[in-house]
Amino acid sequence: MDGVKFDHLLYGGDYNPDQWLEHPEILEEDIRMMKKAHINTVSLGIFAWSRLEPQEGVYDFDWLEKIIDHLYENGISVNLATPSGARPHWLADHYPEVLRVNADGSRNMFGVRHNHCYTSPAYRRKVRAINQALAARFDSHPGVIMWHISNEYGQDCYCPLCREAFRGWMRERYSSIDEVNRKWCTAFWSHTYDSFDQIEPPMLHGENSIHGLYLDWRRFVTDQVIDFYRKEVDALKDGGAKKPVTTNFMYNFKDYNYFRFAQYVDVVSWDNYPTWHKGPEALTAMDTAMQHDTMRSLKNQPFLLMESCPGPTNWQSVSKLKRPGMLEAASLQAVAHGSDSVMYFQIRKGRGGFEKFHGAVIDHYGKDDDRTYRECCEVGQDLLCLEECNHTDVKADVAVVYDWENRWAVEESKGPRNKGMFYKETVLKSYAAFRRQGLNVDLVDMEKSLDGYRIVAAPMLYMFRAGFEKKVRKFVELGGTFIMTYWSGVVDENDLCVLRGTPGGLMDVMGLRSTEIDALYDGESNRLIPAEGSRMAGEYTCRNLCQLVDATTAESLMVYGEEFYQGTSALTVNRYGEGTAYYVCADAEQSFYDDLYRMLCADAGIRGPLSCPLPEGVEVTTREGRNAEFIFIQNYAGGEVKLPVSVKAEGYEVIFRSREAAADEEIILQRFNTVVLKKIL
Ligand code: GLA
Ligand code: ZN
């Protein structure tokens, strides 16, 4: 596993003393309140460039050093940022090329943040200079434990510099323009290119009908942003930096392929802002859990929760107050899934600006007797109980394929359902079906190995790339259980349709050919009913997409209940080599996945860590250390739940329980409660 291990679980968050330099008494009070809350780490200087370099080439780092010193004296470490996430006015005035250009060709004016061109030599030069200077001054400071590179890199730039860089990237990827024409199928609508010089990004008012172009643009943007990031890191290293680096990733983020990006960070970190209390809590928890597990799976290592909100999140459509206990549950959920930290945005609420009403550990009120602050103190206490979990593993027998490039392709492909393909939701159904049995789940992309997993689900894998079909063949041959769904193996990595039958390269493994796919309007549905003699007993609804298949060697377990394809296969199983391959033909409801996956796990002898079935809304996740495992049990159901786990008799030690929870002859959890059991291995 390896990866970056800190001395303890990190607790803290983004801190912006640069907004309070005229108020030394506030800085003093902040430190007192941080210590009281058991905060041990802050992220500093993320948006402080104009304070750090008030005029071009004139650095002022003294104020920062004083703060780092003072924090250090008080036992608080620093995750020091490079400031490229927002720039001073003078920088944009002196070098207008640093401002980002939108997909319609318009150049942004100075303002907001994250508004930079990631190709601009001027921007790269200025970032390099300040990063190097920061590293030279601060990396050796004992209070600095890591580097926070920029902030939430996101979106695209379409400026002339980026467009030229894209053409350069294309020239390297393809041997000739003829090859590009073939791979992008440009004969369609007479869009054949005569030379690389004609290639432009998919701009709003330009060429946005070639799917191969769109995919390569997304790959280029990923590479270009990674390149920008790596230059930031190089600058730190040239300034003598030796501490680990990270950059904060985001929720459900599509723009850049994070599996690729993650190869270049020392530790993955991400920012988590679920809309708690909007819908059923258990669904929000499941969705959030999948994000945590995706982040953990990027490097197969513990990650850091870099930001989360202690109170209401002011940029969401409704700034909902967190109900009592929610903060604890959300914070410990991250730790359960492999986070070695709980960090917030922000330590102190800003006085003005865009985020003045964003939740914070310390309110404008500024005293330690408010509810949010008290709950932050409790989370600080909780983490002290969980120290043993620091940098322990989360191991999984089952994996769900979640591939960025597939997502790019499936959502842009034009048909079969431009109203929504629901790729992420489809992945979530498979994920949830495993999780509801208390199993740890890895998320893998098509480049990852499938070795070591017992069951792999590959929902809506429209694109096959990176030799995925060969991995699947071997996986099944050697005895694995593989689940594929409708709309899989349809195109190659350039979005060119597979000829002579789909799923491409796997028809014999699946024992069928998918023939046609019926798309349903919103509100329409079909039914899945058991085939004669099938082990599947229930009846389920399906929506959105119904794949029709011709089974060759596969056996039907369920058939459609309606329509002209009534009675034809809707779920099949095929034996291949030592293993089995299932094909789910339609976008079935969650309970279908739950029942199917429960059956498949039972067949494979895979069980969750607890001896009892899990009540609805209860999450179980296991972290594993060298000689002990830690079972996190959390309640996201509407009310109290009971689990018949006899803690002592079954050999568990309770290392943590929420104040109102009981863990003795049985486990009793109130809403949002957590219990963590330890078992010596
Ligand atoms: C993002 C940013 C932070 C802050 C928070 C507010 O995650 O990284 O700087 O704006 O959102 O929720
Ligand atoms: Zn640009």
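The values are calculated or read from the model by the stated rules, or taken from the named source; none is laboratory data. This structure is a prediction, so every number in the text was calculated from the model and none was measured. Using ideal geometry, Cβ is built from the backbone for each residue, glycine included, and neighbour counts are taken over all protein chains shown.
For the range 76-91, the set of residues classified as touching a Gly at 6+ places or on another chain (Cβ under 9 Å) and either polar (S, T, N, Q) or within 16 Å of ligand 2 (Cβ to nearest atom) (or both) consists of 77, 79, 82, listed by residue number.
Quick one: in the range 109-140, of everything that is in a loop (DSSP other than H, G, I, E, B) and surrounded by fewer than 17 Cβ atoms within 10 Å (Cβ to Cβ), which residue is farthest from ligand 1 (Cβ to nearest atom)? First the steps, then the outcome.
Kept after step one, since they are in a loop (DSSP other than H, G, I, E, B), are these residues of the range 109-140: 109-115, 117-120, 139-140.
Now restrict to residues that are surrounded by fewer than 17 Cβ atoms within 10 Å (Cβ to Cβ): 109-114, 140.
Values: 109: 20, 110: 19, 111: 15, 112: 11, 113: 8, 114: 9, 140: 27 Å.
Per the stated criteria, the residue is 140.
Among the residues of the range 141-153, those identified as within 16 Å of ligand 1 (Cβ to nearest atom) and part of a loop (DSSP other than H, G, I, E, B) are 149, 150, 151, 152, 153. Kindly establish whether residue 86 is at pLDDT 95 or above, part of a loop (DSSP other than H, G, I, E, B), within 16 Å of ligand 1 (Cβ to nearest atom) and not basic (Lys, Arg). Here the answer is yes, as residue 86 does meet what is asked. Please verify whether residue 337 is touching a residue at least 24 places away in the same chain (Cβ under 8 Å), within 15 Å of ligand 1 (Cβ to nearest atom) and over 19 Å from residue 29 (Cα atoms), treating the condition exactly as stated. Against the criterion (touching a residue at least 24 places away in the same chain (Cβ under 8 Å), within 15 Å of ligand 1 (Cβ to nearest atom) and over 19 Å from residue 29 (Cα atoms)), residue 337 does not qualify.
Only residues that are of a type outside the set (S, T, N, Q) and under 25 Å from residue 445 (Cβ atoms) were counted across the range 266-324, and they come to 25.
For the range 100-123, a residue qualifies if it is without any contact (Cβ under 8 Å) to a residue 40 or more places away in the chain and either within 14 Å of ligand 2 (Cβ to nearest atom) or over 22 Å from residue 45 (Cβ atoms) (or both), and the qualifying residues are 106, 108, 109, 115, 122, 123.
Would you check if residue 347 is more than 24 Å from the chain's Cα centre (by Cα), hydrophobic (A, V, I, L, M, F, W, C) and crowded, with 22+ Cβ neighbours inside 10 Å?
In short, no.
Whether any residue in the range 156-163 is within 16 Å of ligand 1 (Cβ to nearest atom), part of a loop (DSSP other than H, G, I, E, B) and under 27 Å from residue 87 (Cα atoms) is what I want to check. No: the range 156-163 contains no residue that is within 16 Å of ligand 1 (Cβ to nearest atom), part of a loop (DSSP other than H, G, I, E, B) and under 27 Å from residue 87 (Cα atoms). Does the range 20-41 hold any residues that are assigned to a helix (DSSP H, G or I) and either without any contact (Cβ under 8 Å) to a residue 60 or more places away in the chain or among the small types (Gly, Ala, Ser) (or both), and which are they? Passing the criteria: 24, 25, 27, 28, 31, 32, 35.
Which residues, counting only those in the range 591-630, are out of contact with any strand residue (DSSP E or B) (no Cβ under 9 Å at 6 or more places or on another chain), surrounded by fewer than 16 Cβ atoms within 10 Å (Cβ to Cβ) and either under 27 Å from residue 300 (Cβ atoms) or at pLDDT 95 or above (or both)? 598, 599, 602, 605, 607, 626, listed by residue number. Hey, does the range 309-316 have a residue that's farther than 19 Å from residue 277 by Cβ and away from ligand 2 (no atom under 16 Å from the Cβ)? No, there is no match, as no residue in the range 309-316 is farther than 19 Å from residue 277 by Cβ and away from ligand 2 (no atom under 16 Å from the Cβ).
Please enumerate the residues belonging to the range 285-337 that are of a type outside the set (Phe, Trp, Tyr), in a loop (DSSP other than H, G, I, E, B) and under 23 Å from residue 44 (Cα atoms). So that I can check it myself, show each step before the final result.
Start the filter on the range 285-337 by keeping residues that are of a type outside the set (Phe, Trp, Tyr), which leaves 285-302, 304-314, 316-337.
Narrowing further to those that are in a loop (DSSP other than H, G, I, E, B): 300-302, 308-314, 316-325, 337.
Selection gives 302, 308, 309, 310, 311, 312, 313, 314.
Here's the yes/no breakdown for (1) crowded, with 20+ Cβ neighbours inside 10 Å; (2) farther than 26 Å from residue 357 by Cα; (3) more than 13 Å from ligand 1 (Cβ to nearest atom); (4) not aromatic (Phe, Trp, Tyr):
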position: 270; (1), (2), (3), (4): yes, no, no, no
position: 277; (1), (2), (3), (4): no, no, yes, yes
position: 283; (1), (2), (3), (4): no, yes, yes, yes
position: 289; (1), (2), (3), (4): yes, yes, yes, yes
position: 296; (1), (2), (3), (4): yes, yes, yes, yes
position: 304; (1), (2), (3), (4): yes, no, yes, yes
position: 307; (1), (2), (3), (4): yes, no, no, yes
position: 310; (1), (2), (3), (4): yes, no, no, yes
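Selection of strands (runs of 3 or more DSSP E) fully inside the range 609-659 by the criterion of at least 3 residues being β-branched (Val, Ile, Thr) returns 618-624.
The listed residues are 251, 273, 256, 264, and the only one of them that is in contact with a Cys (Cβ under 7 Å, 6 or more places away or on another chain) and at pLDDT 95 or above turns out to be 273. With respect to the conditions (1) more than 16 Å from ligand 2 (Cβ to nearest atom); (2) touching a helix residue (DSSP H, G or I) at 6+ places or on another chain (Cβ under 8 Å); (3) over 22 Å from residue 78 (Cα atoms), residue 126 falls short on a single one, namely (1).
Among the residues making up the range 1-36, a single one is among the small types (Gly, Ala, Ser) and either loosely packed, with under 14 Cβ neighbours inside 10 Å or farther than 15 Å from residue 144 by Cα (or both): 3.
The test for being over 31 Å from the mean Cα position of the chain (by Cα), farther than 30 Å from residue 375 by Cα and either within 16 Å of ligand 1 (Cβ to nearest atom) or at pLDDT 95 or above (or both) holds for residue 60. When the range 189-203 is limited to residues that are without any contact (Cβ under 8 Å) to a residue 12 or more places away in the chain and not in a loop (DSSP other than H, G, I, E, B), the one that is surrounded by the most Cβ atoms within 10 Å (Cβ to Cβ) turns out to be 198. All conditions but one from (1) closer than 17 Å to residue 495 by Cα; (2) touching a Ser or Thr at 6+ places or on another chain (Cβ under 6 Å); (3) within 16 Å of ligand 2 (Cβ to nearest atom); (4) not basic (Lys, Arg) apply to residue 161; the one that does not is (1).
Mind checking which residues of the range 552-567 are of a type in the set (Gly, Ala, Ser) and either surrounded by 17 or more Cβ atoms within 10 Å (Cβ to Cβ) or out of contact with any strand residue (DSSP E or B) (no Cβ under 8 Å at 6 or more places or on another chain) (or both)? 554, 556, 561, listed by residue number. Restricting 90, 63 to residues that are surrounded by fewer than 16 Cβ atoms within 10 Å (Cβ to Cβ), in contact (Cβ under 8 Å) with a residue 24 or more places away in the chain and touching a strand residue (DSSP E or B) at 6+ places or on another chain (Cβ under 7 Å) narrows the list to 90.
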